[in-house]
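To start, the structure itself, in structure tokens.
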Amino acid sequence: MTDSPDDPPIEARVGDALNDASATVAVAESCTGGLVGSYLTDVPGSSDYFDRSLVTYSYDAKRSQLAVPREHLDAEGAVSEPV
């Protein structure tokens, strides 16, 4: 499926889908540095469905805020698909 120039941006469509489902979203980011949360909160009314965002870059932050096991961090590194 290809977006047409007349389609709303993806972040607006995600917001509409969350509102339609009476759902909320929280994001945990690392390499993106908060970009996903920024896109989502650029949409007027996003406070209806956007709960929170964590940007965890360090091992300590990933362990304390996201409960990523040290074994995963040691084996895969902080910036890896499994982590």
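The values are calculated or read from the model by the stated rules, or taken from the named source; none is laboratory data. Bear in mind that the values here come from a model prediction, so they are computed numbers and not experimental data. With ideal geometry, Cβ positions are generated from the backbone for all residues, glycine too; neighbour counts draw on all protein chains shown. What goes into the accessible areas is simple: the full protein's heavy atoms, side chains included, and nothing from ligands, DNA or RNA. Shrake-Rupley method; radii C 1.70, N 1.55, O 1.52, S 1.80 Å.
From V79, V43, V36, grab the single residue that is assigned to a loop (DSSP other than H, G, I, E, B) and surrounded by 15 or more Cβ atoms within 10 Å (Cβ to Cβ). Reasoning before the result, please.
Working: V79 fails: surrounded by 15 or more Cβ atoms within 10 Å (Cβ to Cβ); V36 fails: assigned to a loop (DSSP other than H, G, I, E, B).
On inspection, the qualifying residue turns out to be V43.
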**Asked** In segment 1-32, which residues are open to solvent by 40 Å² or more (accessible area, probe 1.4 Å) and in contact with a strand residue (DSSP E or B) (Cβ under 6 Å, 6 or more places away or on another chain)?
**Response** T24, A26, A28
**Message:** I need every pair where a residue in segment 63-77 that is within 23 Å of A26 (Cβ to Cβ) has its Cβ under 7 Å from the Cβ of a residue that is among the polar types (S, T, N, Q), sequence separation at least 6 or different chains.
**Reply:** Q65/T56; L66/T56
**Asked** How many residues are in a loop (DSSP other than H, G, I, E, B) and more than 24 Å from T41 (Cβ to Cβ) if we restrict to segment 54-76?
**Response** 3
